[in-house]
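Contents: one structure, followed by commentary.
Since every read-out is calculated from the coordinates, none of them should be taken as a lab result. As the structure is a computational prediction, the values presented were derived from the model and not from experiment.
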Amino acid sequence: MKESVAQFTEAAPVRYRPRRVGHVNFFISDLDRSVEFYTKVCGFEITALEPQIGAGFLSNGNTHHDVGMVEVKNYAELAKSRHGET
């Protein structure tokens, strides 16, 4: 069964909001889904979206953006190669 952001957000409002995150970058498979998760579940705010290049930037108020995300279309293949699978 595939979990969705809706399952997390329908159950309860956001109770978790990170106070500080050292700048992180994520390679993700779905920009919209990831932005929805980090905003609705984790309480981050969108500072910039660049859908034409599949990128999003989020903040928890410490810096312009504490989280950067870049969508990778061949994510499954990339993950396998990074873990030594062929």
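Some notes on this structure:
- Shown in residue order for the stretch 58-65 are the 3J(HN,Hα) couplings computed by the Karplus curve 6.51 cos²θ - 1.76 cosθ + 1.60 at θ = phi - 60°: 10, 9, 10, x, 7, 9, 3, 8 Hz (x for Gly and Pro).
- Potential lengthening of the chain between ASP30 and THR63 amounts to 9.5 nm, from the contour at 0.36 nm per residue minus the alpha-carbon distance.
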